[in-house]
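The values are calculated or read from the model by the stated rules, or taken from the named source; none is laboratory data. Remember, it's a predicted structure, so these values are computed and weren't measured experimentally. We place every Cβ from the backbone using ideal geometry, glycine too, and count neighbours over all the protein chains shown. Note: accessible area is taken over every heavy atom of the protein model, side chains too, but ligands, DNA and RNA are not part of it. Shrake-Rupley method; radii C 1.70, N 1.55, O 1.52, S 1.80 Å.
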Amino acid sequence: MEGLIFVWSCWLLLILFVFFFHTKVPSSFSIHLLCLLFLSQFTLGDDRLTVNAAALYVVLVLCFYMSVLRFKAMNMQIMASITIALCLGSYELFRMMEPITFLWMPDWSIAVPMVLISIIMLKDSKQRMLALMMGMIVHEVLFLLLYGRFGIIYPVFSLSWLDRAASVTLCYLVFALCQLSAFRLMNSSKLIQHKKEV
């Protein structure tokens with residue numbers, strides 16, 4: 001069922017942000033998640049082109065956040081977004097040409113190389129997340145133009161796109177959690193070692 005991963009991911013993150021990480025995560029994230037859950041029920045467009053309202057909201061919010069970046073950071077964002085879009089596009093093209101090869105790979109497996117590219121290219125965690133989402137948007141627009149050139153209707157920014165965006169977000173959050181745990185473990189071991197020396 002399309003959209004199920006997205007809905008469950010939104011509810012999971014909403015519960016975590018509101019009840020467990022409310023001091024560390026701004027309340028604007030929770031508001032964005034509630035807006036996404038509400039807007040995911042609606043679609044815009046006609047028979048040839050339909051866009052999910054939640055995906056359109058994601059595009060507008062990400063464009064706003066990208067517009068307030070400094071010039072150097074914006075250039076890095078553009079480069080990282082294009083690289084991630086090409087990674088995702090290559091995966092999709094290989095999947096269309098050799099579907100049997102990709103049968104054993106789960107749909108979320110592409111999230112791992114995308115997250116690795118964002119980690120390699122960017123330092124800031126917020127900019128990494130922004131690059132991941134912008135890369136997915138660029139990929140979606142490129143595939144819309146490619147399919148439209150051959151007269152094929154492409155389901156742009158659909159519920160399946162939201163599912164993939166949720167999978168990529170969860171994959172990056174798992175990495176960020178592992179990174180935070182490693183830093184805390186390293187700091188505690190340094191503190192214990194310092195106490196032993198004293």
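Could you tell me which residue out of G151, F6, L185 lies farthest along the dipole of the chain toward its positive end? Charges go on the beta carbon: Lys and Arg +1, Asp and Glu -1, centred on the Cα centre.
Comparing the listed Cα positions along the dipole, L185 ranks first.
Kindly state, as a whole number, the per residue volume in cubic angstrom of the convex hull around the alpha carbon atoms of region 108-197.
Hull volume over Cα atoms, normalised by residue count, gives 97 Å³.
Can you give the Rg to Rh ratio for region 147-186, taking only C-alpha atoms and Rh from Kirkwood? Provide the component values of the computation, followed by the final result.
Working: Rg = 17.5 Å, Rh = 12.7 Å.
The Rg/Rh ratio comes out at 1.38.
Leaving ligands, DNA and RNA out of it, report the carbon-plus-sulfur percent of the accessible area of the chain at a 1.4 Å probe. Display every interim value, and only then the final one.
Working: 9450 of 12890 Å².
In the chain, the share of accessible area belonging to carbon and sulfur is 73 percent.
How long is the chain along each principal axis, judged by its Cα atoms, biggest number first, in Å?
74, 39, 36
Taking 8 Å as the Cα distance limit and 6 or more residues as the minimum spacing, I'd like the relative contact order of the chain as a percentage.
Reported as a whole number, the value is 29 percent.
Evaluate E = 1/(1 + (r/R0)^6) for R48 and L180, where r is the Cβ-Cβ distance and R0 equals 41 Å; express this FRET efficiency to the nearest 0.05.
Numbers: r = 45 Å, r/R0 = 1.11.
Given R0 = 41 Å and the Cβ-Cβ separation, E is 0.35.
By how many degrees, between 0 and 90 and to the nearest 10, does the Cα long axis of helix 27-39 differ from the longest principal axis of the chain?
20
How large are Rg and Dmax for region 21-90 when calculated on the C-alpha trace, in angstrom?
Every Cα atom of region 21-90 included, Rg and Dmax give 15.4, 45 Å.
Of M79, M186, M129, which has the largest mean-square fluctuation in a 10 Å C-alpha GNM of the chain?
It is M186.
So, for region 25-123, what is the accessible surface per residue at a probe of 1.4 Å, expressed in square angstrom?
Values: 6370 Å² over 99 residues.
For region 25-123, the per-residue accessible area is 64 Å².
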